[in-house]
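Undergrad: Before anything else, here's the structure in question.
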Amino acid sequence: MLMNQTEFHHISILLDACLEALQIRPDGTYLDATLGGAGHSLAIAERLGPGGRLICIDRDDEALANAEKRLIAVRDRVTLVKSDFRALDAVLEGQGVDGVDGILFDLGVSSPQLDTAGRGFSYMQDAPLDMRMDRQQTLTAYEIVNQWSQEELRRILYAYGEERYAPAIAAAIVRARAQKPVETTGELVQIIRNAMPPAAKREKQHPAKRTFQAIRIAVNDELGAVEEAMGKAIDALRPGGRLAVITFHSLEDRIVKEAFRQAAQGCICPPDFPVCVCGRKPKVKRIGRKPVVPEAAEVRENARARSAKLRVCEKLGYDGKERSGHGE
């Protein structure tokens with residue numbers, strides 16, 4: 001069942017900072033690679049004039065259906081596309097767009113996905129083990145929990161959730177599923193709790209948070225998608241165009257930071273070479289020495305903003321030089 005617009009609405013994180021970072025021109029072409037609740041998309045589209053265009057990508061059918069309602073006032077300048085953002089180059093090509101003036105990524109799971117119990121993303125509500133962003137894909141959290149090996153479970157809990165109790169939790173899952181399949185998020189939460197020492201259960205963070213993050217990332221190949229998409233996004237920008245990326249945990253942020261660093265790097269010849277022979281020129285310049293983080297007032301209003309970081313880079317000219325304004 002589709003949620004209504006009120007239920008799907010969520011508070012857009014770092015909204016003003018994103019709009020400032022993108023430097024939106026009324027006649028520009030922009031890409032929201034993570035439509036979600038459409039809050040960022042609406043704010044971008046409202047700043048576009050008759051010659052402007054916003055293309056929005058999401059792989060969640062419910063997000064796309066609800067965006068039709070939320071964006072109705074600006075629908076004439078918005079194109080909605082169902083796709084994984086790792087295919088953004090193919091999306092733009094399919095829309096006849098050879099370059100954009102700005103791209104926004106708001107990574108991770110959206111508030112509507114977390115708040116809808118039946119999606120199985122939340123450890124706070126009992127629901128079938130699912131966690132798919134695209135509900136047409138076959139891999140679910142149920143399959144990972146019940147069919148992946150103990151070693152593979154341990155690996156993803158440690159690598160994607162940075163869970164220090166990964167060995168104990170993986171072993172507990174395997175023991176539990178030997179008795180009967182683990183079918184719901186509530187059952188999984190209890191298994192995790194029972195596997196952790198008493199001190200871990202008294203921590204401020206919910207004991208299942210890291211494990212649920214790890215399984216969700218594995219279900220949706222989130223880190224692989226981010227790594228693939230960053231290079232494509234930089235290549236899709238016109239000179240002067242901006243790429244703005246919001247991350248919510250260190251794994252995503254590390255990928256984005258490294259992608260920006262590499263794209264901003266020029267000559268990589270050894271220092272003792274008298275002249276450059278590699279021919280490498282920087283593609284972008286990074287905007288700001290540190291990522292933008294929410295102010296205290298935003299965190300008070302929306303606790304999910306607490307871990308958000310916004311990184312921004314700007315596309316240089318094809319000769320590696322800065323360009324004034326957007327597009328050329």
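The values are calculated or read from the model by the stated rules, or taken from the named source; none is laboratory data. The model shown is predicted, which means the values in this text are computed figures rather than measured ones. Here Cβ is always computed from backbone atoms with ideal geometry, including for glycine, and neighbour counts include all displayed protein chains. Keep in mind that these areas ignore ligands, DNA and RNA; they rest on the heavy atoms of the full protein, side chains included. Shrake-Rupley method; radii C 1.70, N 1.55, O 1.52, S 1.80 Å.
Undergrad: Sort out which residues of the range 206-215 are outside any helix (DSSP H, G or I) and either open to solvent by 20 Å² or more (accessible area, probe 1.4 Å) or among the basic types (Lys, Arg) (or both), and write them in order of number. Give the derivation first.
TA: So in the range 206-215, the residues outside any helix (DSSP H, G or I) come out as 206-208.
His206 - this is the single residue of the range 206-215 that is outside any helix (DSSP H, G or I) and either open to solvent by 20 Å² or more (accessible area, probe 1.4 Å) or among the basic types (Lys, Arg) (or both).
Undergrad: Let me ask something else about it. Scanning the range 268-304 for residues that are in a helix (DSSP H, G or I), within 20 Å of the chain's Cα centre (by Cα) and not acidic (Asp, Glu), which turns out surrounded by the fewest Cβ atoms within 10 Å (Cβ to Cβ)?
TA: Quick first cut of the range 268-304, residues in a helix (DSSP H, G or I) only: 296-301, 303-304.
In the following step, the residues that additionally are within 20 Å of the chain's Cα centre (by Cα) were identified as 298-299, 303-304.
Next cut, not acidic (Asp, Glu) only: 299, 303-304.
Numbers: Val299: 16, Ala303: 9, Arg304: 17.
Taking the candidates together, the pick is Ala303.
Undergrad: Restricting attention to the range 27-48, and to residues there that are part of a loop (DSSP other than H, G, I, E, B) and open to solvent by less than 20 Å² (accessible area, probe 1.4 Å), which single residue is farthest from Asn66 (Cα to Cα)? Steps first, please.
TA: Our first condition is that a residue be part of a loop (DSSP other than H, G, I, E, B); within the range 27-48, this holds for 27-28, 33-38, 47-48.
Now drop any that are not open to solvent by less than 20 Å² (accessible area, probe 1.4 Å), which leaves 28, 33, 35-38, 48.
Numbers: Gly28: 25, Ala33: 16, Leu35: 10, Gly36: 9, Gly37: 8, Ala38: 8, Leu48: 21 Å.
Taking the candidates together, the pick is Gly28.
Undergrad: Still on this structure: Does Glu143 count as among the acidic types (Asp, Glu) and open to solvent by less than 40 Å² (accessible area, probe 1.4 Å)? Show your work before the answer.
TA: Details: among the acidic types (Asp, Glu): yes; open to solvent by less than 40 Å² (accessible area, probe 1.4 Å): no.
Answer is no for this residue.
Undergrad: Considering Val97, Val91, which residue is among the β-branched types (Val, Ile, Thr), part of a helix (DSSP H, G or I), more than 26 Å from Arg304 (Cα to Cα) and in contact (Cβ under 8 Å) with a residue 12 or more places away in the chain?
TA: It is Val91.
Undergrad: Go through the range 305-328 residue by residue and tally those that are basic (Lys, Arg) and either modelled with pLDDT under 85 or in a helix (DSSP H, G or I) (or both).
TA: Filtering the range 305-328 down to residues basic (Lys, Arg) leaves 306, 309, 311, 315, 321, 323.
Checking the rest, the ones that are also either modelled with pLDDT under 85 or in a helix (DSSP H, G or I) (or both) come to 321, 323.
Here the count works out to 2.
Undergrad: Can you find a residue in the range 164-171 that is within 22 Å of Gln125 (Cβ to Cβ), hydroxyl-bearing (Ser, Thr, Tyr) and either touching a Gly at 6+ places or on another chain (Cβ under 9 Å) or not in a helix (DSSP H, G or I) (or both)? I'd like the intermediate steps shown before the answer.
TA: If we filter the range 164-171 for residues that are within 22 Å of Gln125 (Cβ to Cβ), which is where we start, we get 169.
Restricting the remaining residues to those that are hydroxyl-bearing (Ser, Thr, Tyr) gives none.
No, the conditions are met nowhere in the range 164-171.
Undergrad: Moving on. How many residues does the range 88-138 hold that are under 30 Å from Asp27 (Cα atoms), open to solvent by less than 30 Å² (accessible area, probe 1.4 Å) and over 14 Å from the mean Cα position of the chain (by Cα)?
TA: In the first step, residues of the range 88-138 are kept if they are under 30 Å from Asp27 (Cα atoms); the result is 88-108, 110.
Next, only the ones that are open to solvent by less than 30 Å² (accessible area, probe 1.4 Å) stay: 88, 91-92, 97, 99-108, 110.
Applying the additional criterion that residues be over 14 Å from the mean Cα position of the chain (by Cα) yields 91-92, 97, 99-102.
Total satisfying the criteria: 7.
Undergrad: Still on this structure: Across the range 266-308, what is the total count of residues that are touching a residue at least 24 places away in the same chain (Cβ under 8 Å), more than 24 Å from Val109 (Cβ to Cβ) and not hydrophobic (A, V, I, L, M, F, W, C)?
TA: Matching residues across the range 266-308 total 7.
Undergrad: Output the number of residues of the range 182-202 satisfying the condition of being under 21 Å from Phe121 (Cβ atoms) and either exposed (fewer than 14 other Cβ atoms within 10 Å of the Cβ) or within 26 Å of the chain's Cα centre (by Cα) (or both).
TA: 6
Undergrad: Okay, next question. Please state which of the following conditions Val81 fails to meet, knowing it meets all the rest: (1) crowded, with 18+ Cβ neighbours inside 10 Å; (2) over 30 Å from Val292 (Cα atoms); (3) not hydroxyl-bearing (Ser, Thr, Tyr).
TA: (2)
Undergrad: Identify the residue in the range 151-175 that is free of Cβ contacts under 8 Å to residues at least 60 places away in the same chain and of a type in the set (Val, Ile, Thr) and, among all such residues, is most open to solvent (accessible area, probe 1.4 Å).
TA: The selected residue is Val174.
Undergrad: Could you tell me whether Glu258 is in contact (Cβ under 8 Å) with a residue 24 or more places away in the chain, of a type in the set (D, E, K, R) and either open to solvent by 20 Å² or more (accessible area, probe 1.4 Å) or touching a Ser or Thr at 6+ places or on another chain (Cβ under 7 Å) (or both)? Let's see the steps before the verdict.
TA: Details: in contact (Cβ under 8 Å) with a residue 24 or more places away in the chain: no; of a type in the set (D, E, K, R): yes; either open to solvent by 20 Å² or more (accessible area, probe 1.4 Å) or touching a Ser or Thr at 6+ places or on another chain (Cβ under 7 Å) (or both): yes.
Considered against the rule, which asks whether it is in contact (Cβ under 8 Å) with a residue 24 or more places away in the chain, of a type in the set (D, E, K, R) and either open to solvent by 20 Å² or more (accessible area, probe 1.4 Å) or touching a Ser or Thr at 6+ places or on another chain (Cβ under 7 Å) (or both), Glu258 comes out as no.
Undergrad: Determine which member of the set Ala259, Ala178, Ala218 is closer than 22 Å to Glu143 by Cα, assigned to a helix (DSSP H, G or I) and in contact with a helix residue (DSSP H, G or I) (Cβ under 6 Å, 6 or more places away or on another chain). Even if it seems obvious, please write down each step before you answer.
TA: Working: Ala259 fails: closer than 22 Å to Glu143 by Cα; Ala178 fails: in contact with a helix residue (DSSP H, G or I) (Cβ under 6 Å, 6 or more places away or on another chain).
Unique residue meeting the criteria: Ala218.
Undergrad: Looking at the range 48-58, is at least one residue among the basic types (Lys, Arg) and modelled with pLDDT of 95 or more? Steps first, answer last, please.
TA: From the range 48-58, those among the basic types (Lys, Arg) are 53; that's our starting set.
Next, only the ones that are modelled with pLDDT of 95 or more stay: 53.
Checked against the condition, which is being among the basic types (Lys, Arg) and modelled with pLDDT of 95 or more, the range 48-58 yields at least one hit.
Undergrad: Being among the polar types (S, T, N, Q), at negative phi and more than 25 Å from the chain's Cα centre (by Cα) is the requirement here; does Asn220 meet it?
TA: So Asn220 does not fit the description; no.
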